[in-house]
């Protein structure tokens, strides 16, 4: 009766921003990003990539409530960088990694096809 | 901006590749990527499935919604699905979500006239697009010699008796598994960590032959074997190890802790991808990579949020007059 519609899990309604951020008032160089209609699939991936960045002091994500489909990522960096830069760098690096993976996989499949025939 | 990159360079090695099963090794990447790809293959790779059913005549033993549910679960060959638009995003159709760009129409018209029970199968569904048809399971099984190929059956929908009739029109649309499981292209997608097994040879030598045999047999799956020629314990199938610690407990019980060390390699995964037939298994993996890339792109910060960025950092702190 109170269950949200299934498409709520991935359809961002009109007027709602996909990503929004808030600077942290009390801590220097820290921000909280709220991503709408996403879940652990990208939350965990972005968080683990942020951990690889040495200028990131703190990176964590959570889903505040299982029935509200939003993701909260908290990032704190050194003064060398900023949370936004770290976030965008993480996404850029992940995109490059996936391009590399796709190329490697396509090469493997074409090799396998060639072997088969 | 400095051009630093903290990218990883994953490698892939395919072990076995068939149309519907794919087994491969993924190395030099993180568990989060492996899990994200698994989750996307199950829930977010789009396929086609029947979504709207208009029933003209139904005198079968199953009621209308039961039939509609069964029709929705039939896997449909979905190579076109990645390029098609979702019905709600389609602007070409006149609002009812049924144009040629976003949907495929199927017709089913069967009447049982003979005395025998008539099986209505997925073969009886006629598609408006000859490239988009229900998955043919018997055809492939015939290639493997499992079925008699003259008995092409298809997926059973309902059985009709003499005089019963079924006539309906069905619209198939693009969707993802997150919305309803009928749109999931995956039968199972699993991955396991590759185990790293080290036998302490010095300690192993202190065991007698019977003790070695006993220890080898204490593992529920066949991971180790006692080579009769050299009388050494060898690792015969490291991946059969299911991370139960029976061999470790047995070694301790025999008074030899540290006889073997088994770790899981943190960046090495063995994937098994099984598809329902809607999308080829290798194509499913490629689609999953594309979808993960587009999700990451959608989540990137836009430029107007980046401009507010220069409030951060040392200059920002200086301007605000404080902070470390």
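The values are calculated or read from the model by the stated rules, or taken from the named source; none is laboratory data. The structure presented is a predicted model; accordingly, all values stated were derived computationally and were not measured. Quick reminder, even Gly has a Cβ in these numbers, built from the backbone with ideal geometry, and neighbours come from all protein chains shown.
Figures for the structure shown
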quantity	calculated
Flag if residue A:35 is within 8 Å of chain B (Cβ to nearest Cβ), under 18 Å from the mean Cα position of the chain (by Cα) and buried (at least 16 other Cβ atoms within 10 Å of the Cβ)	yes
Selection status of residue A:97, at the interface with chain B (Cβ under 7 Å from one of its Cβ atoms), closer than 30 Å to residue B:19 by Cβ and within 16 Å of the chain's Cα centre (by Cα)	yes
Failed item, numbered, when residue B:181 is tested on (1) over 30 Å from residue B:120 (Cβ atoms); (2) surrounded by fewer than 14 Cβ atoms within 10 Å (Cβ to Cβ)	(1)
Strands (runs of 3 or more DSSP E) contained in the range B:1-116 and holding at least 3 residues away from chain A (no Cβ under 14 Å) and buried (at least 18 other Cβ atoms within 10 Å of the Cβ)	B:47-58, B:103-111
Answer from A:38, A:22 - the residue that is over 19 Å from residue B:297 (Cα atoms) and either at pLDDT 95 or above or touching a strand residue (DSSP E or B) at 6+ places or on another chain (Cβ under 6 Å) (or both)	A:22
Scope the range B:263-286; condition crowded, with 17+ Cβ neighbours inside 10 Å, in a strand (DSSP E or B) and more than 14 Å from every other protein chain (Cβ to nearest Cβ); matching residues	B:268, B:270, B:274, B:275
Some residue of the range A:45-60 being more than 9 Å from every other protein chain (Cβ to nearest Cβ), within 29 Å of residue A:3 (Cα to Cα) and crowded, with 19+ Cβ neighbours inside 10 Å	no
Members of the range B:298-324 that are modelled with pLDDT of 70 or more and more than 7 Å from chain A (Cβ to nearest Cβ)	B:302
Where residue A:53 falls short, out of the listed (1) touching a helix residue (DSSP H, G or I) at 6+ places or on another chain (Cβ under 6 Å); (2) in a helix (DSSP H, G or I); (3) at pLDDT below 95	(2)
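Quick grid of which residues meet (1) crowded, with 18+ Cβ neighbours inside 10 Å; (2) more than 25 Å from residue B:55 (Cα to Cα); (3) touching a helix residue (DSSP H, G or I) at 6+ places or on another chain (Cβ under 9 Å):
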position	(1), (2), (3)
B:159	no, no, no
B:162	no, no, no
B:169	no, no, no
B:174	yes, no, yes
B:185	yes, yes, yes
B:189	yes, yes, yes
B:196	no, yes, yes
